[in-house]
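Down below is the structure, laid out as structure tokens.
The values are calculated or read from the model by the stated rules, or taken from the named source; none is laboratory data. Because the structure is a prediction, the values reported are computed rather than measured. So basically every Cβ, Gly included, is an ideal-geometry build from the backbone, and we count neighbours across all protein chains shown. Surface accessibility is based on the protein's heavy atoms, side chains included, excluding ligands, DNA and RNA. Shrake-Rupley method; radii C 1.70, N 1.55, O 1.52, S 1.80 Å.
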Amino acid sequence: AEPERAGGGRVPVAVASENGLAAVARAVQRMEAGLTPVEAAVDGVALVEADPEDVTVGYGGLPNSDGVVQLDACCMDGPTMRAGAVAALEGFRHPARVAYEIMRRTTRVLLVGEGAARFATSLGFEAENLLTERARKIWLYWRGQMSAIDDWMATPDLIGDPDVQWFIREHGAIAPHGTINLCAVNAAGDLGGTTTTSGLFFKIPGRVGDSPLIGAGLFVDNEVGAAGSTGRGESVIQIAGAHTIVELMRAGASPRDACLGALDRLVRATRMPYLLDAEGRPNFDVKFYAVNKAGEAAAAAIWAGGKFAFCRAGEEARLMDCASLYPAPPPWLPQV
Ligand code: ASP
């Protein structure tokens, strides 16, 4: 893959998944205004968490197989190495903010489910129904067309519904996903990051992916850099993805080479036949994002064609090409 490196100056820099264009711009503004990188990151992704159009994060996120939106998120602060996380949280649109409060107000890292919700309520976060009409219709469609031997059908009005048609166009008829990861570094070289998601579409209730797991969906080390992931979470967990990237950077790799190195490890660890295509390559995608202390940033994907969001102080936020292990977009991705 062609090198895709960005940054290099000692000014605030933010890097995020493709859905994070507005979020990286906001994170950089917030760092310029004096927020720490982790605060700026959590504030940046709040835009995406609140956006009902993004069906992969926060409010409007697609639900689990029961039709319930369960959110995962974490954040990590480089200077203190403190972290906070929530998993399978129901009813709060800003799980990254709840994770931040766990980091700030407790001596613990990860709260899940009911306990995480009670924690959020105790701090005045407002509980609400996160399942939008659009997400509900898409879930009904999914339930209706999953199997010919269960009790549910996808009726023609559902299949023809504009929201369902949009979903089929954008995400394919089956099982894709999304998330936002945002990593940030300020002018002092301090680092922070966050990852927030509604997880895999229609997941098993209670399933937790990589996003809220420190070392998998996010890792920050103020001596080195920050890294995070989107894509098939189980594969990221199995190689401790974000931690692996940071360790490769510690050993001297650029953010780009560190992301590619971790992906190479992930691909070599992908051995189960149900995860492989006819040529023995992963039949899913993972993207890794990284920024180092000097403000160099990059992202890499298993499959070519991916973008990431990047912003450096004084410049417009922009989308850039991810480096990749394999040169062509996978045949199983929806052709749009
Ligand atoms: N990594 C997320 C998860 O496994 C999903 C995604 O980013 O697509 O929950």
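The listed residues SER211, SER65, once ranked by accessible area (1.4 Å probe) with the largest placed first, stand as SER65, SER211.
Answer with one residue from PHE288, LEU276, THR132: the one whose Cα lies farthest towards the positive end of the charge dipole of the chain, charges on Cβ with Lys, Arg +1 and Asp, Glu -1. Value computed over the given set: PHE288. The GluC sites (Glu not before Pro) found in the stretch 164-258 that occupy coil by DSSP, while having at most 12 further C-beta atoms within 10 Å, are GLU223.
With a ≥ b ≥ c the root eigenvalues of the C-alpha gyration tensor of the stretch 139-259, is it rounded (a/c under 1.5), prolate (a/b larger than b/c) or oblate? The partial results should precede the final answer.
Working: a/c = 3.43, a/b = 2.64, b/c = 1.30.
Because a/c hits 1.5 or more and a/b exceeds b/c, the stretch 139-259 counts as prolate.
Element breakdown for the chain at a 1.4 angstrom probe: carbon and sulfur atoms account for 53% of the accessible area. Accessible area per residue was computed with a 1.4 Å probe on protein heavy atoms; HIS243 scores about 70 Å². Net length available on complete extension from THR107 to ILE149 is 10.2 nm, with 0.36 nm assigned per residue and the Cα-Cα distance removed.
Among the GluC sites (Glu not before Pro) in the stretch 125-167, those located in a DSSP loop and surrounded by at most 13 other Cβ atoms within 10 Å of their own Cβ are GLU126, GLU128.
Each of THR80, GLY206, MET103 was placed along the dipole of the chain (beta-carbon charges, centred on the mean Cα), and the one lying farthest toward the positive end is THR80.
Give me the percent of DSSP beta bridges within the chain that run antiparallel, rounded to the nearest 5. Please report the intermediate quantities before stating the final value.
Values: 50 of 57 bridges.
If we restrict to bridges inside the chain, about 90 percent are antiparallel.
A dipole drawn for the chain from +1 and -1 charges on Cβ atoms has a positive end, and of ALA25, THR194, GLY60 the residue lying farthest that way is THR194. The dipole here belongs to the chain: it is taken about the Cα centre, uses +1 on the Cβ of Lys and Arg and -1 on the Cβ of Asp and Glu, and is about 640 debye.
Which order do GLU296, GLU279, GLU90, GLU32 take by accessible area at a 1.4 Å probe, largest first?
Values: GLU296 55, GLU279 140, GLU90 90, GLU32 115 Å².
Ranked list, largest accessible area first: GLU279, GLU32, GLU90, GLU296.
When +1 charges are put on Lys and Arg Cβ atoms and -1 charges on Asp and Glu Cβ atoms, the dipole computed for the stretch 150-218 relative to its Cα centre reaches about 280 debye.
Shape verdict for the stretch 1-102, please, from the Cα gyration tensor: rounded (a/c under 1.5), prolate (a/b greater than b/c) or oblate. Prolate, because a/c is 1.5 or more and a/b exceeds b/c. The lysines whose alpha-carbon is closer than 24 Å to the alpha-carbon of LYS287, local same-chain residues fewer than 8 away aside, are LYS203, LYS307. Along each principal axis, taking the top coordinate minus the bottom one, the Cα set of the chain gives 58, 51, 34 Å in descending order.
Based on the mean of other Cβ atoms within 10 Å per residue, sort peptides 185-192, 42-49, 143-150, 13-20 so the most packed one is first.
Numbers: 185-192: 23.0, 42-49: 27.0, 143-150: 12.0, 13-20: 29.6.
By packing density, highest mean first, the sequence is 13-20, 42-49, 185-192, 143-150.
Computed from phi, the 3J(HN,Hα) profile of the stretch 306-318 under the Karplus parametrisation 6.51, -1.76, 1.60 (θ = phi - 60°) reads x, 10, 9, 9, 9, 8, 10, 3, x, 10, 5, 5, 8 Hz, with x in place of Gly and Pro.
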